[in-house]
Amino acid sequence: MAKLNYGIFGPVIGALSNIVGYIRKGQPLIRIKKNKTKKKKGRSDAQKAVNLRFKMAKTFISEVEEFINVGFQHEVADTQRIPENAATSHLIREAIIGKYPNLEIDYSAVLVSKGKLLPPVNPTVKLEGDRLKFTWDVDPGLGYRLNRDQVMLLAYKPASKNADYLLSGARRNEGAEELEVMIRRKDHGPLLKDEFIETYIAFISDDRKRISDSVYVGRVTI
């Protein structure tokens, strides 16, 4: 607290905010107090790892958001969550591996749909030109309703961080479907060419009320 011992026009004695007034050898002087705020401690590796895991998950989920909104809609039904949040949580818990800062996504552990419908059996995929050709086993003993299920396909390219997908394809009893993919075959400045594709398949019921867990079909080298 500053005092005006010498009147309103006299020298200020004491502290006024970060200004200190005093008299030295008969002369009124002032000085500025140094800012003694403590330096913030650096973030720990554990904190950095949490942030990096979240960033990695969000980068992937944001590219396949439309697919996720369908694929996780039944998982979050009657809750306050949204499909994107559920898919992100699962990816962080189950599919990001390694030790900070060397974290990576294990694409074989990623789920892009979650539900109780019978999943595809023995799916395969191969690349022909710019089309991915998926196949799966057909069970002639399945009833009419299950045979009316439609296939959902997703292809994700980590280098370009881009995805192609099909939300409503062939029926379960057809055993095959194709997905056209946009492939970056050359580097474009900082944008890298695609070297491989991560592929997924799932089924959704004809009435859209049920869906299967997605199945990782494999990595396709370009």
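Here, each number is a calculation from the coordinates, and none is a lab measurement. Since this is a predicted model, take the numbers as computed values, not measurements. All Cβ positions, glycine included, derive from the backbone under ideal geometry; neighbour counts span all protein chains shown.
Quick one: work out Rg over Rh on the C-alpha atoms of segment 88-173, Rh as Kirkwood radius. Intermediate values should be presented prior to the final figure.
Numbers: Rg = 15.8 Å, Rh = 15.3 Å.
Here the Rg-to-Rh quotient is 1.03.
Given the alpha-carbon gyration tensor of segment 54-207, what are the semi-axes of its equivalent ellipsoid in whole angstrom, ordered largest first, with each equal to the square root of 5 times an eigenvalue?
27, 21, 13
Starting from segment 34-104, pick out the trypsin sites (Lys or Arg not before Pro) whose DSSP state is loop and whose Cβ has at most 16 other Cβ atoms within 10 Å. If you can, show how the numbers build up before the last one.
On the way: sites: Lys34, Lys36, Lys38, Lys39, Lys40, Lys41, Arg43, Lys48, Arg53, Lys55, Lys58, Arg81, Arg93, Lys99; in loops: Lys34, Lys36, Lys38, Lys39, Lys40, Lys41, Arg43, Arg81.
Loop-located and lightly packed - Lys34, Lys36, Lys38, Lys39, Lys40, Lys41, Arg43, Arg81.
Could you let me know the centre-to-centre spacing of segment 41-102 and segment 112-157, using Cα atoms, in angstrom?
With segment 41-102 and segment 112-157 each reduced to a Cα centre, they are spaced 25 Å.
Please arrange Tyr216, Tyr200 by how many other C-beta atoms lie within 10 Å of their C-beta, fewest to most.
Values: Tyr216 17, Tyr200 29.
Least to most surrounded, the residues fall as Tyr216, Tyr200.
Mind scanning Lys133/Lys157; Lys157/Lys209; Lys116/Lys193; Lys48/Lys116; Lys161/Lys186 and naming the pairs with a C-alpha gap bigger than 26 Å? Intermediate results must be reported in sequence, preceding the final value.
Working: Lys133/Lys157 16 Å; Lys157/Lys209 29 Å; Lys116/Lys193 37 Å; Lys48/Lys116 36 Å; Lys161/Lys186 15 Å.
Lys157/Lys209; Lys116/Lys193; Lys48/Lys116, as the Cα separations exceed 26 Å there.
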